[in-house]
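Below is one structure, written out as structure tokens, with a few remarks after it.
The values are calculated or read from the model by the stated rules, or taken from the named source; none is laboratory data. Bear in mind the structure is a predicted one, so any value in this text is a computation, not a measurement. Cβ: placed from backbone, ideal geometry, glycine included. Neighbour counts: every protein chain shown.
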């Protein structure tokens with residue numbers, strides 16, 4: 001006898017929960033367009049990288065070189081990496097590939113990535129560091145970058161970077177790592 005009212009209440013509550021969940025994506029889009037910060041690594045692509053969340057994203061990128069400086073404009077990410085004297089060429093190439101792959105995979109608004117590999121050793125600190133290598137990567141040329149595999153050689157990664165992006169090696173780089 002009391003079963004029918006209980007079933008009606010359960011049905012109404014279930015319908016209310018289902019409708020609330022249906023409107024949740026629209027509410028999230030409204031909140032983001034009103035200036036809310038989106039996490040840098042969320043669902044695949046399309047996230048907006050800003051000054052507010054660039055640190056959250058770069059902390060999750062597995063780099064071996066230290067980041068010295070980062071700047072985000074509307075569609076460009078600029079990163080300066082500090083190259084210690086003990087680092088080898090393989091570390092640099094892997095980090096360049098990893099930065100470009102992760103940023104392009106996780107964001108929708110970054111169309112260009114510029115990475116400078118700098119030498120901030122004691123001899124060059126007064127001048128602000130010496131640039132050793134410059135990478136200019138565009139999303140259009142690096143659309144479907146695969147994550148770097150553990151067993152991929154440095155030569156394969158470097159060949160990909162050279163074929164798809166602009167890399168400039170300075171004389172200081174060539175002295176340190178003969179091509």
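Please enumerate the residues belonging to the range 112-131 that are at negative phi and either loosely packed, with under 14 Cβ neighbours inside 10 Å or modelled with pLDDT under 85 (or both).
Taking the range 112-131 first, the residues at negative phi are 112-127, 130-131.
Passing the criteria: 120, 121, 122, 123, 124, 125, 126, 127.
Criterion first (over 11 Å from the mean Cα position of the chain (by Cα), in a loop (DSSP other than H, G, I, E, B) and modelled with pLDDT under 90) does residue 44 satisfy it? Spell out the reasoning first.
Working: over 11 Å from the mean Cα position of the chain (by Cα): yes; in a loop (DSSP other than H, G, I, E, B): yes; modelled with pLDDT under 90: yes.
Yes: the conditions hold for residue 44.
For the range 155-179, name all the residues that are over 16 Å from residue 114 (Cα atoms), in contact (Cβ under 8 Å) with a residue 24 or more places away in the chain and more than 20 Å from the chain's Cα centre (by Cα).
Hits for the range 155-179 are 172, 173, 176, 177.
Condition check: within 24 Å of residue 169 (Cβ to Cβ), surrounded by 18 or more Cβ atoms within 10 Å (Cβ to Cβ), in contact with a helix residue (DSSP H, G or I) (Cβ under 8 Å, 6 or more places away or on another chain) and in contact (Cβ under 8 Å) with a residue 24 or more places away in the chain. Does residue 99 satisfy that? Before you say what the answer is, go through the steps one by one.
Numbers: within 24 Å of residue 169 (Cβ to Cβ): yes; surrounded by 18 or more Cβ atoms within 10 Å (Cβ to Cβ): yes; in contact with a helix residue (DSSP H, G or I) (Cβ under 8 Å, 6 or more places away or on another chain): no; in contact (Cβ under 8 Å) with a residue 24 or more places away in the chain: yes.
No: the conditions fail for residue 99.
Identify, from the list 96, 135, the residue that is under 14 Å from the mean Cα position of the chain (by Cα) and on the phi < 0 side of the Ramachandran plot. So that I can check it myself, show each step before the final result.
Working: 135 fails: under 14 Å from the mean Cα position of the chain (by Cα).
Of 96, 135, the one residue that is under 14 Å from the mean Cα position of the chain (by Cα) and on the phi < 0 side of the Ramachandran plot is 96.
For residue 118, only one of the following conditions fails: (1) within 17 Å of residue 157 (Cα to Cα); (2) in a strand (DSSP E or B). What is its number?
Looking at each condition in turn, residue 118 falls short on (1).
Kindly establish whether residue 61 is in a loop (DSSP other than H, G, I, E, B), in the same structural domain as residue 116 (by TED's automatic domain parsing), modelled with pLDDT of 85 or more and under 30 Å from residue 128 (Cβ atoms).
Details: in a loop (DSSP other than H, G, I, E, B): yes; in the same structural domain as residue 116 (by TED's automatic domain parsing): yes; modelled with pLDDT of 85 or more: yes; under 30 Å from residue 128 (Cβ atoms): yes.
Considered against the rule, which asks whether it is in a loop (DSSP other than H, G, I, E, B), in the same structural domain as residue 116 (by TED's automatic domain parsing), modelled with pLDDT of 85 or more and under 30 Å from residue 128 (Cβ atoms), residue 61 comes out as yes.
Taking the range 143-164, which residues are surrounded by 15 or more Cβ atoms within 10 Å (Cβ to Cβ) and at pLDDT 80 or above? Even if it seems obvious, please write down each step before you answer.
Within the range 143-164, the subset surrounded by 15 or more Cβ atoms within 10 Å (Cβ to Cβ) is 145, 148, 154, 157-158, 160-161, 164.
145, 154, 157, 158, 160, 161, 164 - these are the residues of the range 143-164 that are surrounded by 15 or more Cβ atoms within 10 Å (Cβ to Cβ) and at pLDDT 80 or above.
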